[in-house]
Amino acid sequence: MSTPSLPSRRGLLFGTAAVSAGALLTGCTSNESNESKDADARQADIAEDKPGKPVTIGFAGPQADHGWLNAINEMAVGRAEKYSDVTLETTEGSNDTAQQIGQIETLINKKVDVLVVLPADGKALTQVGLKAMRAGIPVVNLDRIFASPQAYRCWVGGDNYGMGLNAGRYIGERLKDKKNAKVVELAGLDNLELTRQRTQGFDDALKNYPNIEKVARQAAEFTVESGQAKMAQLLRAVPEFDALWNHDDDQGVGAERAIQQAGRDEFFMVGGAGSKHAMDAIKADDTVLKATVLYPPTMAASAIDLARALGQGKGIGGLAEFEIPASLTLYSAVVTKDNVDRYLPTGFR
């Protein structure tokens, strides 16, 4: 019988490594695994529904002179009421820049833990956002963005370009087999960047459908009255078309009136924002309105969640990071008869 050979130094090292690895594997499969400890540690850094550290959130919202803006205020308040550890300090709500700056400064002087601000004018209110951040109060900037990233800790809002893009895709898919299809657009206020972004997204989507031509565009003012007047002009200008995209469901109420008065129904209509009125009409399926592209006011509820997490020094579930993101862009889903029941609870009045 031959004498067994002695293992080399290299073999000893590998053997030792293997034993060490085995020990590590044993540890990893035990009840007190490193992985589970990491998961427990991570869970401790996530904001949960159960009560945590008390947080006072200052909310400076808009004047509720539009269905969507009113929904913003309601959803912020409703979300805060869900949490027993949140105290919400609200302002009256204003579209006047100077007045809103004064309201936010009052919240800063009250030393709230976090601010949630939907500015009447993002650029004009940038300085007061910077003032809050310099005072150690993190700001959640809602929708209308400040001119400087230093003026907020987190921005959360809708996707205006994506809204137009998804409206164009929906219309394009419905008309892709129709020769020489014609569409028209009822836009919002043309002096707003968001209107230009919605139109750009819509135009970019239509480039994928060479059989479709946008033959007319009219800008309204996000009101029922302007929607009716401008839609009447579009109907007179274009005797026949296949689809209409309207940027806003509030002005869409006026557009529907003009369409009914003109007795036109050769086309289908896609709305924007996601009002309950629009969703009810889509579900009933008895008008030209067949879809609406969301610009979800639920962003206000999300802003409260993010503010609470910031105040508690927590992250949010579903992300590996220990901090909340610097920005959160919401998706502009298309609501149709097939999925309207899912979105009806978010429809604003």
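The values are calculated or read from the model by the stated rules, or taken from the named source; none is laboratory data. Computed from a predicted structure; not experimentally measured. With ideal geometry, Cβ positions are generated from the backbone for all residues, glycine too; neighbour counts draw on all protein chains shown. Each accessible area value is taken on the protein alone, full model and side chains, heavy atoms only, with ligands, DNA and RNA left out. Shrake-Rupley method; radii C 1.70, N 1.55, O 1.52, S 1.80 Å.
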Packing-ranked peptide list from 71-84, 332-345, highest mean Cβ count within 10 angstrom first, is 71-84, 332-345
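Compute the relative contact order of region 228-349 as a whole-number percentage, counting only Cα pairs closer than 8 Å that sit 6 or more residues apart in sequence.
25 percent
Rounded to the nearest 20 Debye, what is the dipole magnitude of the chain about its Cα centre when Lys and Arg each give +1 and Asp and Glu each give -1 at the C-beta?
Roughly 840 debye for the chain.
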Amide H to amide H under 5 Å from ILE46: which residues, 5+ apart in sequence or cross-chain, H placed 1.01 Å off N in plane?
GLY315
Leaving out ligands and nucleic acids, and using a 1.4 Å probe, what accessible area per residue does region 215-349 come to in Å²?
42 Å²
Would you work out the Kirkwood radius for region 145-191? I mean one over the mean of 1/r across all pairs of different Cα atoms, in Å.
13.9 Å
Which one of GLY52, GLY272, GLY263 has the biggest mean-square fluctuation once the chain is modelled by GNM with Cα springs under 10 Å?
GLY263
Global form of the chain, assessed from the alpha-carbon gyration tensor, a/c cut-off 1.5:
oblate
For the chain, what does the relative contact order come out to in percent, with C-alpha contacts under 8 Å and a separation of six or more?
18 percent
Whole-Hz ³J(HN,Hα) for each residue in region 183-200, computed from phi via Karplus 6.51 cos²θ - 1.76 cosθ + 1.60 with θ = phi - 60°, x for glycine and proline: what do you get?
10, 10, 10, 9, 8, x, 5, 6, 7, 9, 4, 4, 5, 5, 5, 5, 5, 4
Within region 215-256: backbone nitrogen closer than 16 Å to the ASN191 label point (7 Å, Cα to C-beta):
219-223
Which lysines, if any, have their Cα less than 21 Å from the Cα of LYS314, not counting same-chain residues under 8 positions apart?
LYS37, LYS50, LYS53, LYS82, LYS111
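When N is the residue count of region 232-316, what does its C-alpha Rg come to as a fraction of 2.2 N^0.38 Å? Working shown, then result.
Values: Rg = 18.0 Å, N = 85, 2.2 N^0.38 = 11.9 Å.
Computed over Cα atoms of region 232-316, the ratio equals 1.51.
With +1 on each Lys and Arg Cβ and -1 on each Asp and Glu Cβ, how big is the dipole of region 119-261 about its Cα centre, in debye rounded to the nearest 20?
Here region 119-261 has a charge dipole of around 360 debye.
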Extension gain ASN109-ARG134, at 0.36 nm per residue separation less the Cα-Cα distance, in nm?
7.7 nm
If you bin the C-alpha pair distances of region 197-269 every 5 Å from 0, what whole percents do you get?
3, 16, 27, 26, 18, 9, 2
Given backbone amide H placed at 1.01 Å from N, residues whose amide H is under 5 Å from that of ALA220, ignoring those fewer than 5 places away on the same chain, are ALA187, GLY188
At 0.36 nm per residue, minus the direct Cα-Cα distance, what do ARG349 and THR97 gain on full extension? Give it in nm, one decimal, please.
88.2 nm
Tell me, what ³J(HN,Hα) does each residue in region 284-292 have, in order and in whole Hz, if you take phi through Karplus 6.51 cos²θ - 1.76 cosθ + 1.60 with θ = phi - 60° and put x for Gly and Pro?
5, 6, 10, 9, 6, 6, 10, 7, 9
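Looking at region 257-349, what % of its DSSP beta bridges pair antiparallel, to the nearest 5?
25 percent
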